[in-house]
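The values are calculated or read from the model by the stated rules, or taken from the named source; none is laboratory data. A quick note: this is a predicted structure, and the numbers were derived from the prediction, not measured. With ideal geometry, Cβ positions are generated from the backbone for all residues, glycine too; neighbour counts draw on all protein chains shown.
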Amino acid sequence: MPKQWTFDQVATKADLQTFFAQCKTDLRTFGSTVNQTFEAFTFASVIDWYRRQGWQITFINPVDRQTKLPRFRLKFSTRGEPKNFTYAVAQRKQKTVHIRHQLRVATKAHRKNKEGLYANICLDVAVVRPLDLSYYKTYYALPNSALITFGEAKHMSAFAELVASFIGLVFELQPHRLSNVRTKPKRVHHLPPFLFVSGLLLSTARGICYTCKTRGFDLDVYSSAKELSLSFAKSPPQRK
């Protein structure tokens, strides 16, 4: 039996405090639950990946209504207007992307319809093209064309159904990622869509991940803080 890996919320909060302090961000909270802290850790890891690749990182914080000062605030719910929460701006040369937490994005197949139905998904972490979201309401969704990549954080061990559900999420948002992409030489400028679980990958989940690799799916599944940090620290690889 493999040794059970557990997510250390206390240690991670300390690491997050250090990380955001280095970014000179006025940090107040990471959320009260372990799941929220894990989401914050994933958000910070994505930002750090871009920083390691040479992107300049700055934070845009909402203004606190009481103090009238900028305040770091993460979005731990699907509800809430984007303008009321912190996001990161990454810049390198002439390129700029925004890294956001819990952002609603339209699916690739969404089309306007008479019923007024909107096919969209709220993503734990979304890397998007720069857009002004100051007028966005809680139920507004970003156009699918603005989505560059995304990540999902789950405080649990992974079983086959969870990985399969994530593949379905990729299909809804960026179906081109499932078109035998990784069999073709391609330099990675952005992280592929990823699922990060705080626990272990069960054998059935590893089996699904293996078939993803053989089919050339452009996505990743991480299963521990060590694996995540090591993977994020790597320079952009050459796809073969």
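Please verify whether Ser231 is modelled with pLDDT under 90 and out of contact with any Gly (no Cβ under 9 Å at 6 or more places or on another chain), treating the condition exactly as stated.
On the way: modelled with pLDDT under 90: yes; out of contact with any Gly (no Cβ under 9 Å at 6 or more places or on another chain): yes.
It is true that Ser231 is modelled with pLDDT under 90 and out of contact with any Gly (no Cβ under 9 Å at 6 or more places or on another chain).
So in segment 28-50, with the set limited to residues that are surrounded by fewer than 21 Cβ atoms within 10 Å (Cβ to Cβ), modelled with pLDDT under 55 and not basic (Lys, Arg), which one is farthest from Glu152 (Cα to Cα)?
Thr29
What's the number of the only condition in (1) surrounded by 12 or more Cβ atoms within 10 Å (Cβ to Cβ); (2) within 22 Å of Gln91 (Cα to Cα); (3) at pLDDT below 75 that Gln17 fails to meet?
All conditions are met except number (2).
Would you mind telling me which numbered condition in (1) touching a residue at least 24 places away in the same chain (Cβ under 8 Å); (2) loosely packed, with under 15 Cβ neighbours inside 10 Å; (3) of a type in the set (A, V, I, L, M) Ala88 fails?
(2)
Out of Ala141, Ala126, Ala158, report the one residue that is surrounded by 14 or more Cβ atoms within 10 Å (Cβ to Cβ), of a type outside the set (Asp, Glu) and over 26 Å from Ile57 (Cβ atoms).
Of the residues listed, the single one that is surrounded by 14 or more Cβ atoms within 10 Å (Cβ to Cβ), of a type outside the set (Asp, Glu) and over 26 Å from Ile57 (Cβ atoms) is Ala158.
Restrict the check to segment 142-155 and report whether at least one residue is over 19 Å from the mean Cα position of the chain (by Cα), assigned to a helix (DSSP H, G or I) and without any contact (Cβ under 8 Å) to a residue 40 or more places away in the chain. Lay out the reasoning, then the answer.
Here is the first cut: in segment 142-155, the ones over 19 Å from the mean Cα position of the chain (by Cα) are none.
No; the residues of segment 142-155 include none that is over 19 Å from the mean Cα position of the chain (by Cα), assigned to a helix (DSSP H, G or I) and without any contact (Cβ under 8 Å) to a residue 40 or more places away in the chain.
Give the residue that is surrounded by the most Cβ atoms within 10 Å (Cβ to Cβ), with candidates limited to residues of segment 164-214 that are part of a helix (DSSP H, G or I) and hydroxyl-bearing (Ser, Thr, Tyr).
Taking segment 164-214 first, the residues part of a helix (DSSP H, G or I) are 164-173, 175-178, 181-183, 203-214.
Within this subset, residues satisfying the condition of being hydroxyl-bearing (Ser, Thr, Tyr) are 165, 183, 203-204, 210-211, 214.
Details: Ser165: 13, Thr183: 12, Ser203: 9, Thr204: 15, Tyr210: 10, Thr211: 11, Thr214: 9.
Selected residue: Thr204.
Keeping to segment 69-98, report how many residues are closer than 13 Å to Leu133 by Cα and part of a strand (DSSP E or B). Talk me through it step by step, then tell me what you get.
Looking only at segment 69-98, we keep the residues that are closer than 13 Å to Leu133 by Cα, and these are 80-87, 98.
So of that shortlist, the ones also part of a strand (DSSP E or B) come out as 87, 98.
Qualifying residue count, segment 69-98: 2.
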